Amino acid sequence: MITALEFLTRIKFSSAREWSPEGFSRSVLWFPLIGLLAGAILAGVNYLLVQLATPVFLRSILLLLGEFLILGVLMYDGFMDTCDGVFSARDRARMLEIMKDSHVGANGVLGAVLLLLTKFALYASLPAEILTLALVMAFLFTRSMMVFFIICYPYARNSGIGKMFKDYARSWYWLPGLVLTCLVAFYFGMVYLLAVGVGFVLLNGVAQFLKNQLGGLTGDTYGFLTEVGEAVFMLAVFGVGKVL
C-alpha cells in the first residue's frame, strides 16, 4: 500500500526510488484505495471552500491546484506523451518511439490545455454538493479502471514500468477495486452508480482505440486513460443528473 501511495501521489513515507518488480506489481491491488483517499482529500477541500463561500471559478482553480499538490503530474505526463504519439499520424512503431521521447510536442500541449479547461468547466458546472461526491467517485473509479486495464489489456512494449505491473500482478486484482467502486457509488446514489456504468463503457471504448493504434497499452496510456476517465466520469455525472 505504501508503494502505491508513493507512486501515485506526492505523499512520501520512505526514501525509496526503486522497487522490485514483484513488490511494485503487488501495489496494483491498492490503487483503488489510493484513488479513494485522493478523491476524499479533494472532496474535503471542495467542501471547505464551499463553506468559505469561495467564488465558483476560484474554487475550480484551487481544486486543480490541490490535485497537482497531492498527486503530482505523473498522469498528465502520460496523457501528454500519449497525445503526442497517438495523434502524430505515424505508423505504430513511430508512435511508440514518440511516446518515449522526453520532449513534449504540440499535440501534448494542446491536449493538456483542453483537458484542464474541461476539468475546470466541469468543476464549475456541477453543483457543489454533487461535485464533492463526484470527486471521491472519479478518483476511485479511474484508479480501479487502471487496474482493470493493466490486467485485462495486452501490453504494447517489451519493457517498462507498465510491463512490471502486467507481468507480476495477479489476474484477480481488478475485481476488488471495481466492486468497491460500485458499492461506494450505490451508497452515494443512483446518479453515481449509473455514471460508473456509462464511464466503464466509454473508457473501454477509448482503451480499445489505443489498443488498435499501438497494439496494446503502455504506462503512458494508463495515465491518458486515467485523466480522460476523470473527465468522462464527471461528464457522465452531469449528463445522468440532467436526465434524472
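Taking all protein chains together and rolling a 1.4 Å probe, residue 243 ends up with roughly 120 Å² accessible.
Computed on the Cα atoms alone, the convex hull of the range 1-89 gives a volume of 125 cubic angstrom per residue.
Give the value in nm², to one decimal: projected area of the alpha carbon convex hull of the range 75-173, averaged over all directions.
7.7 nm²
Once the Cα atoms are used to define both axes, helix 31-51 deviates from the longest principal axis of the chain by about 30 degrees.
Between residue 93 and residue 159, the simple label model (points 7 Å from Cα in the Cβ direction) yields a spacing of 1.8 nm.
One entry in (1) 0.98; (2) 2.51; (3) 1.11 is Cα Rg over 2.2 N^0.38 Å calculated from the shown coordinates; its label is (1).
Using only side-chain charges placed at the Cβ, +1 for Lys and Arg and -1 for Asp and Glu, the dipole size of the chain relative to its Cα centre rounds to 220 debye. Between the alpha-carbon centers of the range 105-161 and the range 204-244, tell me the distance in whole angstrom. Centre-to-centre distance over Cα atoms comes out at 7 Å. Modelled label positions at residue 2 and residue 104, each set 7 Å beyond Cα in the direction of Cβ, lie 3.2 nm from each other.
Between the beta carbons of residue 167 and residue 129, assuming R0 = 51 Å, the FRET efficiency works out to 0.75 to the nearest 0.05.
Can you tell me how the range 102-244 classifies by the Cα gyration tensor, rounded, prolate or oblate, using a/c under 1.5 as the rounded cut?
oblate
Ranked from largest, the principal axis spans of the Cα set of the range 58-113 equal 42, 17, 14 Å.
If you rank 59, 94, 170 by how much accessible surface each has, with a 1.4 Å probe, what is the order from largest down?
On the way: 59 20, 94 85, 170 135 Å².
Largest to smallest exposure gives the sequence 170, 94, 59.
Take the Cβ atoms of residue 48 and residue 186, set R0 to 25 Å, and the FRET efficiency comes out at 0.40. Secondary-structure-derived ellipticity at 222 nm for the chain, considering helices only, amounts to -26000 deg cm²/dmol, per-run term -39500 (n - 2.57) for DSSP H runs with n ≥ 4.
The values are calculated or read from the model by the stated rules, or taken from the named source; none is laboratory data. On a predicted model such as this, the values are computed, not experimentally measured, just so you know. All Cβ positions, even for glycine, are placed from backbone atoms using ideal geometry, and neighbour counts span all protein chains on display. Just so you know, the surface numbers come from the protein's heavy atoms only, side chains and all, with ligands and any DNA or RNA stripped out. Shrake-Rupley method; radii C 1.70, N 1.55, O 1.52, S 1.80 Å.
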